[in-house]
Amino acid sequence: MESLWSATASLPVFPRLEADKRTDVLIIGGGMAGLLCAYLLEQAGVSYLLVEAGEIGAGVTGNTTGKITAQHGLEYTRLLKEFPVELVRQHWQAQTQAVEDLSRLCRKIPCDFQEKDAFVFARDNLEALEKEALAMAKVGAAPELVSDLPLPFVAQGLKIPHQGQFHPLKFLEGIARGLHIYEHTRVLELSGNTAVTDRGDIRGEKIIVATHFPFLNRRGAYFLKMYQQRSYVLALEGAAQVEGMYIEAEPGGLSFRNYGNLLLLGGGGHRTGKAGGGWEYLRQKVQRYYPAARECYHWAAQDCMTLDGMAYVGPYSRGTRNLYVATGFHKWGMTGSMAAATLLRDMVLEKENPYARVFAPDRPMLRPQLGVNAWEATRSLLTFRTPRCPHLGCSLVWNPQEHAWECPCHGSRFSQSGKVLDNPANKNMKKK
């Protein structure tokens, strides 16, 4: 399984760490968030090192749909039920600023960037679209309700103009060259300000954890306040040109966008470790809507989901100094990474940032999702089944579509042979 992006990019190669190092800022994780942190610190003249357990861009970033947008689904209706209007307005402003900043960077880099309109659409639940339009108006957005969408069924949508799409790995290729990066260097643990790796020790005066799902369990309670979700993509030749970027309002609904002559059809999502539609669900939709199309690529993405729908960016926990985190972007991975990198750069430089309060990781945890996460963890821990996840001991389940072992508690994934594919686990599975 190789994504369209992995098949059509040529990322630079970086050395392994071979000796102990010291730096002002250590960044752990070589995906979009980590590399943007490194890029912005490089621009600011700050001494830093970035370490990646595998190869840069080979994880979640290489499996996205490559959309740059501040709107995904009926998010603002939901956020206004959780937070005051002013805080949700700041969230919208942070995402909108990230769209502008990332789009500006993309125009300097050969990454197939195109400005596009984004749409959240519905086939039946038009009342939900109207509620979302009212919610977005409260936070300063001005979506337009439109019909006659170029989709293979009748639907209406909310249009958000001046968003964008790109090739995420070509973008990483452009910003990574010249950065101070070590690949194939896995951080095993932190001891104070020192990262213990499998290749040597790195002392960083400040440390940023950008590993998708945080791997330090003793701080921050991320194992309780996050879970992960799978989503699936097919790249189709001979299907339609849909012009914009579309996502369905219903949970697990379809998404559409073009890349060149290919249509990227997404959907079939589910909580990691649970049953879901997967690629077969999407292939059924292809047979129905695009029977003459040919499947060229298929891949899956993994998203970190928080208790309340907003990312955790800032101090790792209330009791830590000079240790920061960027995680929980939901479906806002590209803009979330840009917003996080900007905020963390300012924190490293000890500059004020207006969005620090919005993304504060120590905000209250008492949300309904906390109970769901706790139940899933308890049930899995008490299930008599092998193998078990080396992260916190949850019982793993087999995903027959992807031929992988998955943890329903925290979303770690392993190959059939036991090799770790997705964190928070940072070592291979032991099979009995």
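The values are calculated or read from the model by the stated rules, or taken from the named source; none is laboratory data. Keep in mind the model is a prediction, meaning the values are calculated, not measured. Ideal geometry is used to build each Cβ from the backbone, glycine not excepted, and the neighbour counts take in all protein chains shown. Side chains are part of the model used for accessible areas, which takes the heavy atoms of the whole protein and leaves out ligands, DNA and RNA. Shrake-Rupley method; radii C 1.70, N 1.55, O 1.52, S 1.80 Å.
Selection over the range 85-123 of residues that are acidic (Asp, Glu) and either under 18 Å from Met338 (Cβ atoms) or surrounded by 19 or more Cβ atoms within 10 Å (Cβ to Cβ) (or both) gives a count of 4. When restricted to residues that are open to solvent by less than 30 Å² (accessible area, probe 1.4 Å), touching a strand residue (DSSP E or B) at 6+ places or on another chain (Cβ under 8 Å) and not in a strand (DSSP E or B), the range 410-432 contains 6. Can Gly314 be described as of a type outside the set (A, V, I, L, M, F, W, C), surrounded by fewer than 24 Cβ atoms within 10 Å (Cβ to Cβ), within 24 Å of Pro424 (Cα to Cα) and at pLDDT 95 or above? Against the criterion (of a type outside the set (A, V, I, L, M, F, W, C), surrounded by fewer than 24 Cβ atoms within 10 Å (Cβ to Cβ), within 24 Å of Pro424 (Cα to Cα) and at pLDDT 95 or above), Gly314 qualifies. Being hydrophobic (A, V, I, L, M, F, W, C) and in a strand (DSSP E or B) is the filter; apply it to the range 250-299 and report the residue that is surrounded by the most Cβ atoms within 10 Å (Cβ to Cβ). Looking at residues that are hydrophobic (A, V, I, L, M, F, W, C) and in a strand (DSSP E or B), I get Leu265. Cβ-Cβ distances below 6 Å connect the following pairs, each with a first residue in the range 217-239 that is open to solvent by 10 Å² or more (accessible area, probe 1.4 Å), a second residue that is at pLDDT below 95 and small (Gly, Ala, Ser), and a separation of six or more residues or different chains: Arg219/Ser317; Gly220/Ser317; Gln229/Gly269; Ser231/Gly269; Ser231/Ala301.
Going by the structure shown, is Ile27 in a strand (DSSP E or B) and either of a type outside the set (S, T, N, Q) or open to solvent by 70 Å² or more (accessible area, probe 1.4 Å) (or both)? Considered against the rule, which asks whether it is in a strand (DSSP E or B) and either of a type outside the set (S, T, N, Q) or open to solvent by 70 Å² or more (accessible area, probe 1.4 Å) (or both), Ile27 comes out as yes. For the range 254-287, a residue qualifies if it is closer than 16 Å to Pro152 by Cα and without any contact (Cβ under 8 Å) to a residue 24 or more places away in the chain, and the qualifying residues are Asn258, Gln284, Gln287.
Taking into account only those residues within the range 366-408 that are surrounded by 14 or more Cβ atoms within 10 Å (Cβ to Cβ), touching a residue at least 40 places away in the same chain (Cβ under 8 Å) and among the aliphatic types (A, V, I, L, M), which is farthest from Gly276 (Cα to Cα)? My answer is Leu392.
Every condition in (1) in contact with a Phe, Trp or Tyr (Cβ under 9 Å, 6 or more places away or on another chain); (2) surrounded by fewer than 20 Cβ atoms within 10 Å (Cβ to Cβ); (3) not β-branched (Val, Ile, Thr) is met by Cys37 except one, and the failing one is (2). Within the range 170-210, the residues that satisfy the criterion of being of a type in the set (Ser, Thr, Tyr) and open to solvent by 10 Å² or more (accessible area, probe 1.4 Å) are Tyr182, Ser191, Thr194, Thr197. On the basis of being in a helix (DSSP H, G or I) and polar (S, T, N, Q), does Gln302 make the cut? Spelling it out, it is not the case that Gln302 is in a helix (DSSP H, G or I) and polar (S, T, N, Q).
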